[in-house]
Amino acid sequence: MATIHRRWMRRTVVAGALALCASFAIVPSAPAAEVPFKVGFVYVSPISDAGWTFQHDSGRKEMEHALGDKVKTKYVENVPEGADAERVIRELAQEGNQLIFTTSFGYMNPTIKVAKQFPKTYFEHATGYKTAPNVGIYNARFYEGRYLAGIVAGKMTKSNVAGYVAAFPIPEVVMGINAFTRGMRSVNPKAEVKVVWVNSWYDPGREREAADTLVSQGADVLTHHTDSTAVVQAAEAKKVYSIAYHSDMSKYGPNTELTAVTHQWGAFYTKTVQDAMAGRWKPTNVWGGIKDGMIKMGPFNKVVPKDVQDLVAKVGGEIASGKFHPFTGPIKDNDGKERLAAGKVMSDDVLSKMDYYVEGVQGKLPVSK
(Lines give C-alpha, C1' and ligand atoms only; values in the text may rest on other atoms or scores of the structure.)
Protein backbone atom coordinates (compact mmCIF):
# COMPACT_ATOMS: atom_id res chain seq x y z
CA MET A 1 0.00 0.00 0.00
CA ALA A 2 2.88 2.32 0.84
CA THR A 3 4.50 1.53 -2.51
CA ILE A 4 1.36 2.45 -4.41
CA HIS A 5 1.14 5.70 -2.44
CA ARG A 6 4.77 6.59 -3.22
CA ARG A 7 4.21 5.91 -6.96
CA TRP A 8 1.11 8.08 -6.92
CA MET A 9 3.04 10.83 -5.16
CA ARG A 10 5.86 10.69 -7.74
CA ARG A 11 3.38 10.91 -10.61
CA THR A 12 1.68 13.85 -8.92
CA VAL A 13 4.98 15.70 -8.35
CA VAL A 14 6.15 15.06 -11.91
CA ALA A 15 2.82 16.22 -13.35
CA GLY A 16 2.94 19.37 -11.22
CA ALA A 17 6.48 20.11 -12.31
CA LEU A 18 5.57 19.68 -15.97
CA ALA A 19 2.60 21.98 -15.53
CA LEU A 20 4.81 24.56 -13.80
CA CYS A 21 7.36 24.39 -16.62
CA ALA A 22 4.61 24.76 -19.19
CA SER A 23 3.45 27.94 -17.50
CA PHE A 24 6.91 29.48 -18.07
CA ALA A 25 7.39 28.11 -21.60
CA ILE A 26 8.46 30.57 -24.35
CA VAL A 27 5.46 31.14 -26.57
CA PRO A 28 5.96 32.81 -29.98
CA SER A 29 4.50 36.34 -29.98
CA ALA A 30 3.76 39.00 -32.58
CA PRO A 31 6.71 41.31 -33.36
CA ALA A 32 6.71 44.61 -31.48
CA ALA A 33 5.25 47.50 -33.46
CA GLU A 34 7.90 49.80 -34.94
CA VAL A 35 8.06 53.12 -33.12
CA PRO A 36 7.37 55.87 -35.68
CA PHE A 37 9.91 58.61 -36.30
CA LYS A 38 8.47 61.87 -34.97
CA VAL A 39 8.66 65.00 -37.10
CA GLY A 40 7.46 68.51 -36.21
CA PHE A 41 6.56 71.48 -38.42
CA VAL A 42 6.13 75.16 -37.48
CA TYR A 43 4.04 77.34 -39.82
CA VAL A 44 3.96 81.15 -39.87
CA SER A 45 0.40 81.49 -41.18
CA PRO A 46 -2.82 79.44 -41.21
CA ILE A 47 -2.72 76.45 -43.57
CA SER A 48 -5.75 77.64 -45.54
CA ASP A 49 -6.18 76.17 -49.03
CA ALA A 50 -3.44 78.06 -50.89
CA GLY A 51 -0.24 79.96 -50.18
CA TRP A 52 3.15 79.52 -48.56
CA THR A 53 2.03 77.46 -45.57
CA PHE A 54 -0.40 75.42 -47.66
CA GLN A 55 2.49 74.34 -49.91
CA HIS A 56 4.62 73.30 -46.93
CA ASP A 57 1.74 71.37 -45.44
CA SER A 58 1.10 69.69 -48.78
CA GLY A 59 4.76 68.65 -48.72
CA ARG A 60 4.31 67.26 -45.22
CA LYS A 61 1.34 65.20 -46.36
CA GLU A 62 3.25 63.94 -49.39
CA MET A 63 6.07 62.81 -47.09
CA GLU A 64 3.58 61.09 -44.76
CA HIS A 65 2.03 59.26 -47.68
CA ALA A 66 5.45 58.12 -48.92
CA LEU A 67 6.68 56.86 -45.54
CA GLY A 68 3.43 55.57 -44.05
CA ASP A 69 3.46 54.24 -40.48
CA LYS A 70 7.20 54.77 -40.19
CA VAL A 71 6.64 58.44 -39.45
CA LYS A 72 4.36 60.51 -37.24
CA THR A 73 4.06 64.26 -37.77
CA LYS A 74 2.79 67.20 -35.79
CA TYR A 75 2.37 70.78 -36.97
CA VAL A 76 1.62 74.11 -35.29
CA GLU A 77 0.19 76.78 -37.59
CA ASN A 78 -0.08 80.57 -37.42
CA VAL A 79 2.99 80.99 -35.16
CA PRO A 80 4.36 84.57 -35.07
CA GLU A 81 8.08 85.06 -35.57
CA GLY A 82 9.92 85.81 -32.33
CA ALA A 83 9.27 84.65 -28.76
CA ASP A 84 6.21 82.59 -29.70
CA ALA A 85 8.21 80.73 -32.31
CA GLU A 86 10.96 79.89 -29.82
CA ARG A 87 8.39 78.54 -27.37
CA VAL A 88 6.67 76.37 -29.98
CA ILE A 89 9.95 75.00 -31.36
CA ARG A 90 11.11 74.13 -27.84
CA GLU A 91 7.83 72.40 -27.03
CA LEU A 92 8.10 70.26 -30.17
CA ALA A 93 11.60 69.24 -29.14
CA GLN A 94 10.49 68.47 -25.58
CA GLU A 95 7.70 66.29 -26.94
CA GLY A 96 10.27 64.04 -28.58
CA ASN A 97 10.10 65.16 -32.19
CA GLN A 98 13.38 63.97 -33.67
CA LEU A 99 13.38 66.31 -36.67
CA ILE A 100 11.77 69.76 -36.72
CA PHE A 101 11.16 71.92 -39.80
CA THR A 102 10.78 75.65 -39.11
CA THR A 103 9.30 77.20 -42.22
CA SER A 104 9.77 80.96 -42.09
CA PHE A 105 12.73 83.34 -42.32
CA GLY A 106 12.01 84.92 -38.91
CA TYR A 107 12.30 81.53 -37.20
CA MET A 108 16.05 81.47 -37.84
CA ASN A 109 17.40 82.76 -34.53
CA PRO A 110 14.80 80.90 -32.40
CA THR A 111 15.71 77.70 -34.24
CA ILE A 112 19.43 78.17 -33.60
CA LYS A 113 18.78 78.94 -29.92
CA VAL A 114 16.58 75.89 -29.29
CA ALA A 115 18.92 73.63 -31.28
CA LYS A 116 21.72 74.37 -28.82
CA GLN A 117 19.49 73.13 -25.99
CA PHE A 118 18.57 69.91 -27.86
CA PRO A 119 21.80 68.74 -29.54
CA LYS A 120 20.37 65.28 -30.35
CA THR A 121 17.40 66.73 -32.25
CA TYR A 122 17.70 67.59 -35.95
CA PHE A 123 16.42 70.95 -37.20
CA GLU A 124 15.82 72.27 -40.73
CA HIS A 125 15.15 75.98 -41.25
CA ALA A 126 13.57 77.35 -44.44
CA THR A 127 15.02 80.42 -46.21
CA GLY A 128 17.62 81.30 -43.56
CA TYR A 129 21.42 81.39 -43.63
CA LYS A 130 22.57 80.23 -40.18
CA THR A 131 23.54 76.61 -39.61
CA ALA A 132 24.78 74.54 -36.65
CA PRO A 133 25.91 70.93 -36.09
CA ASN A 134 22.22 69.94 -35.82
CA VAL A 135 20.66 72.70 -38.00
CA GLY A 136 20.42 72.54 -41.79
CA ILE A 137 18.89 75.14 -44.10
CA TYR A 138 16.81 74.82 -47.24
CA ASN A 139 15.32 77.13 -49.81
CA ALA A 140 14.00 77.21 -53.36
CA ARG A 141 15.24 79.36 -56.22
CA PHE A 142 12.08 81.42 -56.34
CA TYR A 143 13.75 83.90 -58.66
CA GLU A 144 13.73 81.33 -61.48
CA GLY A 145 9.94 81.14 -61.47
CA ARG A 146 9.71 84.90 -60.94
CA TYR A 147 11.65 85.54 -64.14
CA LEU A 148 9.24 83.33 -66.09
CA ALA A 149 6.28 85.06 -64.47
CA GLY A 150 7.77 88.38 -65.58
CA ILE A 151 7.82 87.17 -69.18
CA VAL A 152 4.08 86.46 -68.95
CA ALA A 153 3.40 89.84 -67.36
CA GLY A 154 5.50 91.68 -69.93
CA LYS A 155 3.60 90.05 -72.78
CA MET A 156 0.12 90.53 -71.30
CA THR A 157 0.26 94.08 -69.89
CA LYS A 158 -1.35 96.93 -71.79
CA SER A 159 -0.32 99.72 -69.43
CA ASN A 160 3.31 98.54 -69.16
CA VAL A 161 2.95 98.70 -65.37
CA ALA A 162 2.92 95.72 -63.02
CA GLY A 163 2.16 95.90 -59.30
CA TYR A 164 4.01 93.86 -56.71
CA VAL A 165 2.71 93.38 -53.14
CA ALA A 166 5.71 92.50 -50.97
CA ALA A 167 6.15 91.39 -47.36
CA PHE A 168 9.57 92.40 -45.97
CA PRO A 169 12.60 93.94 -47.75
CA ILE A 170 14.90 90.95 -47.20
CA PRO A 171 17.13 89.56 -50.00
CA GLU A 172 14.77 86.68 -50.81
CA VAL A 173 11.91 89.08 -51.55
CA VAL A 174 14.07 91.71 -53.28
CA MET A 175 15.54 88.98 -55.48
CA GLY A 176 12.04 88.00 -56.58
CA ILE A 177 11.06 91.58 -57.41
CA ASN A 178 14.20 92.03 -59.47
CA ALA A 179 13.88 88.71 -61.29
CA PHE A 180 10.24 89.45 -62.14
CA THR A 181 11.24 92.88 -63.46
CA ARG A 182 14.08 91.47 -65.56
CA GLY A 183 11.79 88.84 -67.02
CA MET A 184 9.18 91.46 -67.82
CA ARG A 185 11.65 93.81 -69.48
CA SER A 186 13.27 90.98 -71.46
CA VAL A 187 10.13 90.96 -73.63
CA ASN A 188 8.87 94.49 -72.98
CA PRO A 189 11.65 97.08 -72.44
CA LYS A 190 9.10 99.76 -71.53
CA ALA A 191 7.72 97.78 -68.58
CA GLU A 192 7.91 99.13 -65.04
CA VAL A 193 7.19 97.54 -61.66
CA LYS A 194 5.69 99.34 -58.69
CA VAL A 195 6.04 97.84 -55.21
CA VAL A 196 3.96 98.27 -52.07
CA TRP A 197 5.36 96.82 -48.83
CA VAL A 198 2.93 95.50 -46.23
CA ASN A 199 5.52 94.41 -43.61
CA SER A 200 3.72 91.16 -42.93
CA TRP A 201 3.84 87.68 -44.41
CA TYR A 202 0.13 87.19 -43.87
CA ASP A 203 -2.34 90.04 -43.58
CA PRO A 204 -5.15 89.67 -46.13
CA GLY A 205 -6.60 93.09 -45.38
CA ARG A 206 -3.37 94.97 -45.93
CA GLU A 207 -2.49 92.82 -48.93
CA ARG A 208 -5.78 93.70 -50.58
CA GLU A 209 -5.38 97.40 -49.80
CA ALA A 210 -1.91 97.32 -51.35
CA ALA A 211 -3.27 95.60 -54.46
CA ASP A 212 -6.03 98.19 -54.83
CA THR A 213 -3.47 100.98 -54.46
CA LEU A 214 -1.32 99.51 -57.23
CA VAL A 215 -4.30 99.23 -59.57
CA SER A 216 -5.11 102.90 -58.90
CA GLN A 217 -1.51 103.68 -59.91
CA GLY A 218 -1.97 102.07 -63.32
CA ALA A 219 -0.92 98.46 -62.76
CA ASP A 220 -2.87 96.01 -64.92
CA VAL A 221 -0.94 92.93 -63.78
CA LEU A 222 -0.49 92.14 -60.08
CA THR A 223 1.71 89.66 -58.26
CA HIS A 224 2.78 89.23 -54.66
CA HIS A 225 5.24 87.83 -52.14
CA THR A 226 2.74 87.42 -49.32
CA ASP A 227 0.94 84.35 -48.07
CA SER A 228 -2.77 84.84 -48.67
CA THR A 229 -4.97 84.83 -51.77
CA ALA A 230 -5.97 88.47 -51.26
CA VAL A 231 -4.00 89.91 -54.21
CA VAL A 232 -5.46 87.40 -56.66
CA GLN A 233 -8.95 88.12 -55.32
CA ALA A 234 -8.39 91.87 -55.61
CA ALA A 235 -7.25 91.47 -59.21
CA GLU A 236 -10.35 89.45 -60.02
CA ALA A 237 -12.56 92.12 -58.48
CA LYS A 238 -10.75 94.93 -60.33
CA LYS A 239 -10.65 92.94 -63.59
CA VAL A 240 -6.89 93.13 -63.97
CA TYR A 241 -4.51 90.23 -64.43
CA SER A 242 -2.67 88.47 -61.63
CA ILE A 243 0.16 85.96 -61.30
CA ALA A 244 -0.13 83.94 -58.10
CA TYR A 245 2.72 82.95 -55.85
CA HIS A 246 3.38 79.85 -53.71
CA SER A 247 0.28 78.02 -55.00
CA ASP A 248 -2.04 77.97 -57.97
CA MET A 249 -4.85 80.29 -56.80
CA SER A 250 -6.92 80.21 -59.98
CA LYS A 251 -10.10 79.29 -58.12
CA TYR A 252 -9.87 82.77 -56.55
CA GLY A 253 -9.16 84.41 -59.90
CA PRO A 254 -10.68 82.14 -62.54
CA ASN A 255 -10.91 84.89 -65.12
CA THR A 256 -7.80 86.92 -64.36
CA GLU A 257 -5.05 84.71 -62.91
CA LEU A 258 -2.61 84.14 -65.79
CA THR A 259 -0.44 81.50 -64.10
CA ALA A 260 1.38 80.91 -60.81
CA VAL A 261 4.87 80.34 -59.45
CA THR A 262 4.47 77.27 -57.24
CA HIS A 263 6.73 75.72 -54.60
CA GLN A 264 7.06 71.95 -54.29
CA TRP A 265 8.47 70.68 -50.97
CA GLY A 266 7.28 67.07 -50.81
CA ALA A 267 10.32 65.32 -52.33
CA PHE A 268 12.70 67.33 -50.15
CA TYR A 269 10.77 66.54 -46.97
CA THR A 270 10.61 62.86 -47.84
CA LYS A 271 14.33 62.54 -48.54
CA THR A 272 15.33 64.56 -45.48
CA VAL A 273 13.21 62.45 -43.13
CA GLN A 274 14.49 59.24 -44.73
CA ASP A 275 18.07 60.41 -44.20
CA ALA A 276 17.35 61.25 -40.57
CA MET A 277 15.71 57.86 -39.95
CA ALA A 278 18.68 56.08 -41.49
CA GLY A 279 21.27 58.08 -39.55
CA ARG A 280 22.52 59.81 -42.71
CA TRP A 281 21.28 63.32 -41.86
CA LYS A 282 23.82 66.14 -42.07
CA PRO A 283 23.36 69.93 -41.76
CA THR A 284 23.31 70.78 -45.47
CA ASN A 285 22.44 73.96 -47.38
CA VAL A 286 19.83 73.08 -50.03
CA TRP A 287 18.84 75.64 -52.69
CA GLY A 288 16.78 73.88 -55.33
CA GLY A 289 15.09 75.27 -58.39
CA ILE A 290 13.34 74.28 -61.60
CA LYS A 291 15.90 71.57 -62.32
CA ASP A 292 15.19 69.97 -58.93
CA GLY A 293 11.41 70.18 -59.24
CA MET A 294 11.15 72.62 -56.33
CA ILE A 295 9.84 75.44 -58.56
CA LYS A 296 7.09 74.84 -61.12
CA MET A 297 4.81 77.10 -63.09
CA GLY A 298 1.09 76.63 -62.56
CA PRO A 299 -1.43 76.09 -65.35
CA PHE A 300 -1.95 78.90 -67.84
CA ASN A 301 -5.17 80.79 -68.22
CA LYS A 302 -6.68 80.29 -71.69
CA VAL A 303 -6.17 84.01 -72.39
CA VAL A 304 -2.38 83.52 -72.45
CA PRO A 305 -1.40 83.01 -76.11
CA LYS A 306 0.35 79.78 -77.07
CA ASP A 307 3.47 81.58 -78.26
CA VAL A 308 3.84 83.11 -74.77
CA GLN A 309 3.37 79.71 -73.14
CA ASP A 310 5.94 78.24 -75.52
CA LEU A 311 8.43 81.02 -74.72
CA VAL A 312 8.03 80.38 -70.98
CA ALA A 313 8.61 76.67 -71.54
CA LYS A 314 11.71 77.38 -73.65
CA VAL A 315 13.30 79.77 -71.15
CA GLY A 316 12.35 77.50 -68.25
CA GLY A 317 14.14 74.63 -69.96
CA GLU A 318 17.23 76.81 -70.47
CA ILE A 319 17.22 77.74 -66.79
CA ALA A 320 16.88 74.09 -65.78
CA SER A 321 19.75 73.03 -68.04
CA GLY A 322 22.02 75.82 -66.89
CA LYS A 323 22.11 77.43 -70.32
CA PHE A 324 20.53 80.61 -68.99
CA HIS A 325 20.55 82.38 -65.62
CA PRO A 326 18.01 85.14 -64.81
CA PHE A 327 20.77 87.26 -63.30
CA THR A 328 23.22 87.40 -66.21
CA GLY A 329 24.90 90.76 -66.81
CA PRO A 330 24.74 93.50 -67.71
CA ILE A 331 22.73 94.42 -64.61
CA LYS A 332 22.20 97.98 -63.43
CA ASP A 333 20.30 99.15 -60.39
CA ASN A 334 17.48 101.66 -60.76
CA ASP A 335 19.92 104.53 -60.11
CA GLY A 336 21.93 103.52 -63.19
CA LYS A 337 24.89 101.99 -61.31
CA GLU A 338 26.35 98.87 -62.88
CA ARG A 339 26.01 95.91 -60.52
CA LEU A 340 27.21 93.16 -62.87
CA ALA A 341 29.21 93.35 -66.09
CA ALA A 342 27.93 91.99 -69.38
CA GLY A 343 28.24 88.24 -69.73
CA LYS A 344 28.88 87.62 -66.03
CA VAL A 345 26.56 85.42 -63.96
CA MET A 346 25.70 86.52 -60.44
CA SER A 347 26.98 84.12 -57.80
CA ASP A 348 24.75 82.57 -55.16
CA ASP A 349 26.63 84.45 -52.46
CA VAL A 350 25.95 87.83 -54.10
CA LEU A 351 22.36 86.88 -54.88
CA SER A 352 21.70 86.00 -51.25
CA LYS A 353 22.72 89.52 -50.17
CA MET A 354 20.76 91.48 -52.80
CA ASP A 355 19.80 94.89 -51.39
CA TYR A 356 18.87 97.09 -54.37
CA TYR A 357 16.24 97.43 -57.07
CA VAL A 358 17.21 96.75 -60.69
CA GLU A 359 16.34 99.00 -63.59
CA GLY A 360 12.61 99.07 -64.14
CA VAL A 361 11.57 99.02 -60.47
CA GLN A 362 10.21 102.36 -59.28
CA GLY A 363 11.06 103.95 -55.94
CA LYS A 364 13.62 103.33 -53.21
CA LEU A 365 14.12 100.07 -51.39
CA PRO A 366 13.23 100.40 -47.68
CA VAL A 367 15.89 99.46 -45.18
CA SER A 368 15.33 95.99 -43.76
CA LYS A 369 14.83 96.07 -39.99
Kindly check whether there is at least one residue in the range 200-214 that is part of a helix (DSSP H, G or I), over 21 Å from PRO366 (Cα atoms), without any contact (Cβ under 8 Å) to a residue 60 or more places away in the chain and touching a Lys or Arg at 6+ places or on another chain (Cβ under 6 Å).
no
Within the range 198-237, residues surrounded by fewer than 19 Cβ atoms within 10 Å (Cβ to Cβ) and among the polar types (S, T, N, Q) come out as ASN199, SER200, THR213, SER216, GLN217
ALA132 meets each of (1) within 24 Å of ASP348 (Cβ to Cβ); (2) crowded, with 18+ Cβ neighbours inside 10 Å; (3) among the small types (Gly, Ala, Ser) with one exception, condition (2)
Scanning the range 315-341 for residues that are more than 25 Å from the chain's Cα centre (by Cα) and loosely packed, with under 14 Cβ neighbours inside 10 Å gives LYS323, PRO330, ASP335, GLY336, LYS337, GLU338, ALA341
Flagged pairs (Cβ under 9 angstrom, 6 or more apart or on separate chains; first in the range 159-180, surrounded by fewer than 24 Cβ atoms within 10 Å (Cβ to Cβ); second part of a helix (DSSP H, G or I) and β-branched (Val, Ile, Thr)) are ALA166/VAL173; ALA166/VAL174; ALA166/ILE177; ALA167/VAL173
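Okay, residues lined up against (1) assigned by TED's automatic domain parsing to the domain that holds TRP201; (2) of a type in the set (Val, Ile, Thr); (3) without any contact (Cβ under 8 Å) to a residue 40 or more places away in the chain:
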{"site": "SER216", "(1), (2), (3)": "yes, no, yes"}
{"site": "LEU222", "(1), (2), (3)": "yes, no, no"}
{"site": "VAL231", "(1), (2), (3)": "yes, yes, no"}
{"site": "LYS238", "(1), (2), (3)": "yes, no, yes"}
{"site": "TYR241", "(1), (2), (3)": "yes, no, no"}
{"site": "SER247", "(1), (2), (3)": "yes, no, no"}
Every listed condition ((1) in contact with an Asp or Glu (Cβ under 8 Å, 6 or more places away or on another chain); (2) assigned by TED's automatic domain parsing to the domain that holds ILE112; (3) surrounded by fewer than 20 Cβ atoms within 10 Å (Cβ to Cβ)) holds for LYS271 save (1)
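The values are calculated or read from the model by the stated rules, or taken from the named source; none is laboratory data. Every value quoted in this text rests on a predicted model; they were computed, and no experiment measured them. Every residue, glycine as well, gets a Cβ built from its backbone with ideal geometry; the counts of neighbours run over all protein chains shown.
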